[in-house]
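Each reported figure results from applying straightforward, stated rules to the coordinates on display, with no laboratory input. Owing to the predicted nature of the structure, the values given are computational and were not obtained by experimental measurement. Counting neighbours? That spans all protein chains shown, and the Cβs are built from the backbone with ideal geometry, glycine included.
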Amino acid sequence: MFQFEFMRYAFLASTFIAVTCGIVGVYVVARSFSFLAHTLSEIGFAGAAFAVFIGISPLWGMLLFTLLGSISVGELSLHTDQKESSISAISALFIGMGVLFLAISGSNSRYATNILFGSIVGVDQQDVIQLITLSLVVLLMLLAVARPLNFDSFDHIGAVATGLKTGAVGIVFLVALAMSVSIGSQIVGSLLVFILLTLPASTARYIGRSIGAMACWSVLFALIGVWAGLYFGFITNWPVTFFIAVIEVAIYLVAYLIHAIRN
Amino acid sequence: MNQTITQNAVTVTALTMKFDAKTVFHDLNFELKQGSMTALLGPNGTGKTTLINILMGMFPATAGSYTFAPGIKLGYVPQFRNLDAEYPLSIRSFMELNGPLFKSAEFKAEVNHELIETHLDSIQHIRMGEASGGQKQRAYLAQALLDKPNMVILDEATASLDPVAKEELMGLIKHLNEKHQITVLFVTHDVPLAKKYMKEYLYLNRGQLTQGKMTTFTEVYE
């Protein structure tokens, strides 16, 4: 299958995205941001639809909306008692806007399907370069704040007690999360991007006992999912996203059951 | 050496704290000697944690001041941590959160030293989520000790522990005070425990503060 250029591009882009989402996911799960990641993917959908409406690449629309959304939702969820209700309200608003943008842009339903469910088999060279660059930017951002991010994500109270300035770290992470949602959506679609951002890392929590170990396991599970998903998608012509979802859920369930039996 | 021990670690002058119209405490004055071992006693809700948070610089007092002696390095073990039973990091990894991303041989040796000091070396690879209350408290303390403080503040560290775990933690704190001359401020409402291990007391009640030797402490409160 590697004789086809589109498959080579798909594998290359997916590999970088899986590594990025696998690592970001460790912090998403540690900070209990799974619901926020889900909301951001819906905001991303609205952004992509907006991009179609004004005639730019969906990726840039997603980046714009998720960046604005992550900061505002992040702030809101930190400063309100009704965290889940407020996030739900924002989700509803953005999905509604996404539907509107798609309708008034007059684009066909194929475009909407690509945004919602992913379209990695179809990226061109320029897309690949964009996705790899954005992945590297996210990874470098995390590396730059890794020490305080680790402390704050895994022991917020302890981090505050040692005088760490946790607010700035939180904002850097929200930006990294928004970018990860945008690039992850290119593979699995905005509706299912939280798969890559939460399931591999949740599975890794059952296995790893250090942040490094969890990050390695999370990346491994994300890579298994996207590589196998692309392969099965190629040979069956079924959606890649379907296979990625099934594989990640299967790995998670196995780890969960082993953990449950042991305890 | 004797001279340094009798110097003040912290001097608090006319410290007042108000939240809106409510006065938490008013005009507190006290000092803690270097190498001292002091219990901060008082009923629940009397402002002990507020006082500690001010000393830690987490928020400013309404009026008054406090001064730490030059060279005092504070370690703080807060009252609550939100680690659930599924918390994944091992005791060792949890401690290492308070350290560099890339661990030098020197840092690893320090972690090993604190693990032994806090009697956690044999269980360093079990998950914090699976550790007992006493083991967790010792891990919190060990994490703070990696900063090499010469003064530690512990907020209700024994509140949820069984008697055996309490004794073990207090023995450890006593050891840190006696062997390493670490100044200890121990927030608690457990008077018998404080009488057994602490030398001095600060008693905060109804916004007022009294200070004295632990053996002479006779207040009774809920």
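Some points to look at:
- Segment B:84-147, relative contact order [Cα under 8 Å, separation at least 6], %: 54 percent
- Entry note, segment B:124-222: relative contact order of 23 percent, from Cα contacts under 8 Å with a spacing of 6+ residues.
- Cubic angstrom per residue, convex hull over Cα atoms of the protein assembly as shown: 170 Å³
- GNM result for chain B, Cα springs below 10 Å: residue of B:87, B:66, B:197 fluctuating most strongly: B:87
- Relative contact order (%) - criterion: Cα under 8 Å, at least six apart; region: chain B: 30 percent
- Net +/- balance of residues flanking residue A:150 in space, Cβ distance below 15 Å, scoring K and R +1, D and E -1: +4
- Förster radius 30 Å - calculated FRET efficiency between residue A:223 and residue B:116 (Cβ-Cβ, nearest 0.05): 0.15
- Theoretical ellipticity at 222 nm over chain B - DSSP helices of four or more residues, -39500 (n - 2.57) apiece, nearest 500: -9000 deg cm²/dmol
- Considering segment B:165-222 at the alpha-carbon level, its Rg and Dmax are found to be 12.1, 36 Å.
- Chain A - mean residue ellipticity at 222 nm from DSSP helices (-39,500 (n - 2.57) per run, n ≥ 4, rounded to 500): -28500 deg cm²/dmol
- Residue exposure proxy: A:162, B:23, A:236, ordered by other Cβ atoms within 10 angstrom of their Cβ from fewest to most, comes out as A:236, B:23, A:162.
- Global geometry of segment B:84-147, whether rounded, prolate or oblate, following the gyration tensor of its Cα atoms and the 1.5 cut on a/c: prolate
- Phi angles across segment B:59-68 convert, under the Karplus curve 6.51 cos²θ - 1.76 cosθ + 1.60 with θ = phi - 60°, into 3J(HN,Hα) values of 8, x, 6, 5, 7, x, 8, 9, 9, 8 Hz, Gly and Pro given as x.
- Here's how it looks for residue B:40: its modeled amide H is under 5 Å from those of B:186, B:187, B:188, B:202, which are all 5 or more places away or on a different chain.
- Angle between chain B longest axis and helix B:105-117 axis [Cα atoms, degrees, rounded to 10]: 70 degrees
- Under 5 Å, built H, 5+ apart or other chain: amide partners of residue B:72: none
- Under Karplus coefficients 6.51, -1.76 and 1.60, residue-wise ³J(HN,Hα) of segment B:188-198 in Hz, glycine/proline x: 7, 10, 9, 5, x, 5, 4, 5, 6, 10, 9
- Environment charge at residue B:141 (Cβ cut-off 14 Å; Lys +1, Arg +1, Asp -1, Glu -1): -1
- Chain B: most fluctuating residue of B:43, B:88, B:100 per GNM, C-alpha cutoff 10 Å: B:100
- Label-to-label distance, nm, for residues given as residue A:143 and residue B:108 (7 Å Cα→Cβ offset): 2.2 nm
- When each of A:54, A:120, B:54 is scored by the number of other beta-carbon atoms lying within 10 Å, the sequence from fewest to most is A:54, B:54, A:120.
- Considering every alpha-carbon pair of segment A:5-262, the percent of pairs per 5 Å bin, from zero through the bin containing the longest distance, is 1, 7, 14, 18, 19, 17, 13, 7, 3, 1, 0.
- Highest mobility in the GNM of chain A, judged by mean-square fluctuation with C-alpha springs under 10 Å and restricted to A:87, A:235, A:115, is found for A:235.
- Three semi-axes describe the equivalent ellipsoid of segment B:21-151; taken as square roots of 5 times the Cα gyration tensor eigenvalues and ordered largest first, they are 32, 19, 13 Å.
- Listed by chain and number, the aspartates and glutamates placed with their C-alpha closer than 14 angstrom to that of residue B:166 are B:155, B:156, B:190; residues fewer than eight positions away on the same chain are left out.
- Equivalent ellipsoid, segment B:100-222 (semi-axes from 5 times Cα gyration tensor eigenvalues, Å): 30, 16, 12
- Fewest-first sequence of B:199, B:18, B:136 by Cβ atoms within 10 Å of each Cβ: B:18, B:199, B:136
- Note, ³J(HN,Hα) from phi for segment A:16-21, Karplus 6.51, -1.76, 1.60, rounded to Hz, x at Gly and Pro: 5, 5, 5, 4, 5, 5
- Taking a Cβ cut-off of under 14 Å around residue B:177, the surrounding Lys, Arg, Asp and Glu residues balance to a net charge of +2, with basic ones at +1 and acidic ones at -1.
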